[in-house]
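Chemist: Have a look at the structure that comes next, please.
Every number here is computed from the coordinates shown, using simple stated rules; none is lab data. This is a predicted model, so every value here is computed, not measured. Note: ideal-geometry Cβ built from the backbone for every residue, glycine included; neighbour counts use all protein chains shown.
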Amino acid sequence: MKINFKATNLQLTAEISDYCRDKLNHLDKFIPADESVFMDVELGKTTQHHKHGEIFRAEVNFHTASRHFRAEAVAEDLYAAIDEAKDELSAEVKRYQKKRGALVRRGGRMIKNLLKKIYG
């Protein structure tokens, strides 16, 4: 999986990018091993002059061949914002996979009932 980083009003260090990469590699188990899968990660500060409050922002856009997922989080700490965005993104991917699996099962159930009526 390819990850593109962008920093806004923030110096992107190797430590930050490694932390983000470690957290987002958790999503590899939900996706097929495909070269077309990539992420756009934007990390930054929402303002330059505030010292307190939620000033760090993490936005993750996750692109697969069939679907696009997006998560955004704002927190007092950059690492907390990354964690929140990762949790939101993994929940969205899991919800999509569960919905897709239910659709396949429902289609299989309909075919089974149709065959029972025909050959029943």
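Chemist: Toward the positive end of the charge dipole of the chain, about the Cα centre and with charges on Cβ (Lys, Arg +1; Asp, Glu -1), which of A80, I111, F56 goes farthest?
Modeler: I111
Chemist: From the backbone phi of the stretch 93-105, what are the Karplus-calculated ³J(HN,Hα) couplings (6.51 cos²θ - 1.76 cosθ + 1.60, θ = phi - 60°) in whole Hz, Gly and Pro given as x?
Modeler: Once rounded to whole Hz, the list reads 5, 4, 5, 5, 5, 5, 5, 5, x, 5, 5, 5, 5.
Chemist: So what is the 222 nm mean residue ellipticity for the chain from helices alone, if each DSSP H run of at least 4 adds -39500 (n - 2.57) and you divide by all residues, rounding to the nearest 500 deg cm²/dmol?
Modeler: My calculation for the chain gives -16000 deg cm²/dmol from helical runs alone.
Chemist: Let me ask something additional. Tally Lys/Arg at +1 and Asp/Glu at -1 over every other residue whose Cβ is under 13 Å from the Cβ of K2; what's the total?
Modeler: Every neighbour counted, the sum reads -3.
Chemist: Pull up the DSSP beta bridges for the chain and report the antiparallel fraction as a percent, rounded to 5.
Modeler: 70
Chemist: While we're on this one: Can you count the Lys pairs in the stretch 2-89 with C-alpha separation below 21 Å, eight or more apart or on different chains?
Modeler: 10
Chemist: How large is Rg over Rh for the chain, taking Rg from the Cα atoms and Rh as the Kirkwood inverse mean of 1/r across Cα pairs?
Modeler: On the Cα set of the chain, Rg over Rh gives 1.20.
Chemist: Also, I was wondering about something else. Hey, got the dipole for the chain? About the Cα centre, +1 on K and R Cβ, -1 on D and E Cβ, debye to the nearest 20?
Modeler: Computed charge dipole of the chain: roughly 1440 debye.
Chemist: Shifting gears a bit: Can you work out ³J(HN,Hα) from phi for every residue in the stretch 70-83, in order, using Karplus 6.51 cos²θ - 1.76 cosθ + 1.60 and θ = phi - 60°, giving whole Hz and x for Gly and Pro?
Modeler: Karplus values, whole Hz, x for Gly and Pro: 9, 9, 9, 9, 10, 8, 6, 10, 4, 5, 5, 5, 5, 4.
Chemist: Could you sort 5-15, 80-90 so that the peptide with the highest average Cβ count within 10 Å comes first and the rest follow in order?
Modeler: Per-residue mean Cβ counts within 10 Å order the peptides as 80-90, 5-15.
Chemist: Once phi is turned into ³J(HN,Hα) by the Karplus curve 6.51 cos²θ - 1.76 cosθ + 1.60 with θ = phi - 60°, what whole-Hz value does each residue of the stretch 53-61 show in order, with x for glycine and proline?
Modeler: Once rounded to whole Hz, the list reads x, 7, 10, 9, 10, 10, 10, 10, 10.
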